[in-house]
Amino acid sequence: MTKSNCDNAMICECCGAAMAFGIVPMEVLYGAGPSQISIIAHIPAWTCAACQDVISAEGAEIAEHNAICDHLGRLQSHEIKAIRDEMGLSQNAFALRMRVSRVTMARWEGGAQVQSAGHNDAMVELLANFRARKTVARPYVYQTDVKHREAASMLFELRVA
Ligand SMILES: [Zn+2]
C-alpha cells in the first residue's frame, strides 16, 4: 500500500501513468546557424516511468539559462542580482552604471537574456572595484556625454583616494 500524494501527483497525458519529479539532463540549443551550440542542462522536470515522456517543471527555464551562462563563462542570473545587492543598488541604478536600460538589466537578472562578454566583464570589474574601495557606490552622472562621465569619475577617484 503506497501513500497517496494527490496534491503533488502528475499524471502523464500520453499514457495516464504517474509521473515522478526529479532533476533530469536536457539538451539546450543556444544561438543560431552554424555557430549554434548544444549544451546539456540539468532541469527540474516530471518524468513518466511508463513512456519516458518528460515535462519541464517550474524553474526549468532558469536552469537552462544558467547552464548556458556556465558554458559561456558568464555570470548566472542570480549572481548578477547578488552583485547588485552587495553594491546596494536598485535595478535602475545598476542599469545606469552598466549603461543599459532597466529592461535589459531585468532580463539579465530574470534569465531571459544572456549578457554579452563585455557587459559580463564590466559587472565583474564594478564589483571588484567596489570591494577594493570599501566605499559607497559612485554617484551617478546624468549627462549622456562620455567625457562628462569620465571627468566625474576621475573627480570621484580623487575624492576617495
Ligand atoms: Zn506516459
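Couple of notes before you dig in:
- Enumeration of residues in the stretch 36-54 that are under 20 Å from Met10 (Cβ atoms) and either assigned to a strand (DSSP E or B) or among the hydrophobic types (A, V, I, L, M, F, W, C) (or both): His42, Ile43, Pro44, Ala45, Trp46, Thr47, Cys48, Ala49, Ala50, Cys51, Val54
- Which numbered condition Ala67 fails, given (1) hydrophobic (A, V, I, L, M, F, W, C); (2) out of contact with any Leu (no Cβ under 8 Å at 6 or more places or on another chain); (3) outside the structural domain of Pro44 (by TED's automatic domain parsing): (3)
- Which listed residue, of Ser77, Ser35, is surrounded by fewer than 17 Cβ atoms within 10 Å (Cβ to Cβ) and more than 16 Å from the ligand (Cβ to nearest atom): Ser35
- With respect to the conditions (1) of a type in the set (S, T, N, Q); (2) out of contact with any strand residue (DSSP E or B) (no Cβ under 7 Å at 6 or more places or on another chain); (3) not assigned by TED's automatic domain parsing to the domain that holds Leu126, Asn92 lacks only one, and its number is (3).
- Across the stretch 12-28, the qualifying residues are those that are in a strand (DSSP E or B) and either within 19 Å of Arg107 (Cβ to Cβ) or of a type outside the set (A, V, I, L, M, F, W, C) (or both), and the one among them that is nearest to the ligand (Cβ to nearest atom) is Gly22.
- Residue within the stretch 38-52 that is free of Cβ contacts under 8 Å to residues at least 12 places away in the same chain and either surrounded by fewer than 13 Cβ atoms within 10 Å (Cβ to Cβ) or of a type outside the set (D, E, K, R) (or both) present: yes
- Residue match in the stretch 56-73 (condition: more than 16 Å from the ligand (Cβ to nearest atom), without any contact (Cβ under 8 Å) to a residue 12 or more places away in the chain and assigned to a helix (DSSP H, G or I)): yes
- The set of residues in the stretch 82-131 being surrounded by 15 or more Cβ atoms within 10 Å (Cβ to Cβ) and assigned to a loop (DSSP other than H, G, I, E, B) consists of Met87, Leu89, Val100, Gly111, Gln113, Val114, Gln115.
The values are calculated or read from the model by the stated rules, or taken from the named source; none is laboratory data. No experiment lies behind these values; they were computed from the predicted model shown. Reconstructed Cβ throughout: ideal geometry from the backbone, glycine too, with neighbour counts over all protein chains shown.
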